[in-house]
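Worksheet: one structure, shown below.
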């Protein structure tokens, strides 16, 4: 099977879909963590067997998570194609840990990593000021690893494109901050600027699976990412389901020209079924 970068560059694959899963939190007790990892393994297996990619976070929303790579290597065995799995690594570890992590990833057959800075406001401090510095260090010792960067369509557009065009980006692809169909104009502006200035790196756009319009939950999420809380509340109040709302964002992104998307916050125990329902609602035949 092609790795993520091959799929992104392919002219024959019209749409690339990935699910972003979150490993168990490090502070969970042994029994709870074991149950969570069992659900994670099942989700990874079911998704990758349906021509989908899986991304596993690292220190999402500032909380320390279990070492995603160690658990994958220990428990997935050889029955899952590792070219379909893309672990995240933030700089919120020691530099020695980060470089060792990249060595382990390469040693165990993972072709790609997403390298992020990590939220500065919570959790451990970064070991470098900017994610490109960590990618540069990893590239120096593991030149064959495919590295992913980051862009934010909500931020100042020209500056974000500057980052992607910088010779120090040290990346073969990039992910974006999650966006919504309520922020379609920002996506169009970002894609237009990237196209006008000749960005060659393929991008994977983030979509969040909102499970409800609970004000407390949306307020908490809003401290980590842009959340169109009022518009979401209106949609849910009008009878839209989580699947409806997620599908609307994916459809809007496709219509704007995006051809690769990752979906965050899928329910772990039913990740594959939920994603299939979303893609059926969008009307694309991926992940069957």
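Laboratory data are not the source of any read-out in this text; all were calculated from the coordinates shown. Here the structure is a predicted model, which is why all the values come from computation and not from measurement. Note that each Cβ is placed from the backbone with ideal geometry, even for glycine, and that neighbours are counted across all protein chains shown.
Things to note:
- Extension gain, residue 158-residue 212: 0.36 nm per intervening residue step, less the Cα-Cα distance, totals 16.1 nm.
- Summary value for the chain: 20 percent relative contact order, contacts being C-alpha pairs under 8 angstrom separated by 6+ residues.
- Separation between Cα centres of segment 123-138 and segment 177-247, rounded to whole Å: 27 Å
- The alpha carbon gyration tensor of segment 212-260 gives principal lengths a ≥ b ≥ c with a/c of 1.5 or higher and a/b no greater than b/c, which makes the shape oblate.
- The calculated 222 nm mean residue ellipticity attributable to helices in the chain amounts to -13000 deg cm²/dmol, summing -39500 (n - 2.57) over DSSP H runs of n ≥ 4 and dividing by all residues.
- Segment 4-282: C-alpha gyration tensor shape, a/c 1.5 cut-off, then a/b vs b/c: rounded
- A full extension of the chain between residue 237 and residue 195 corresponds to an added length of 11.4 nm, given 0.36 nm per residue minus the alpha carbon distance.
- Computed E for residue 95/residue 75 - FRET, C-beta separation, R0 35 angstrom, nearest 0.05: 0.80
- Cβ-Cβ FRET estimate between residue 140 and residue 34, R0 fixed at 45 Å, reported to 0.05: 0.75
- Segment 47-169 shape via C-alpha gyration tensor axes, a/c threshold 1.5: prolate
- Label-point gap, in nm, between residue 251 and residue 165 - each point 7 angstrom along Cα→Cβ: 3.5 nm
- Order of 189, 120 under a 10 Å beta carbon neighbour criterion, fewest first: 120, 189
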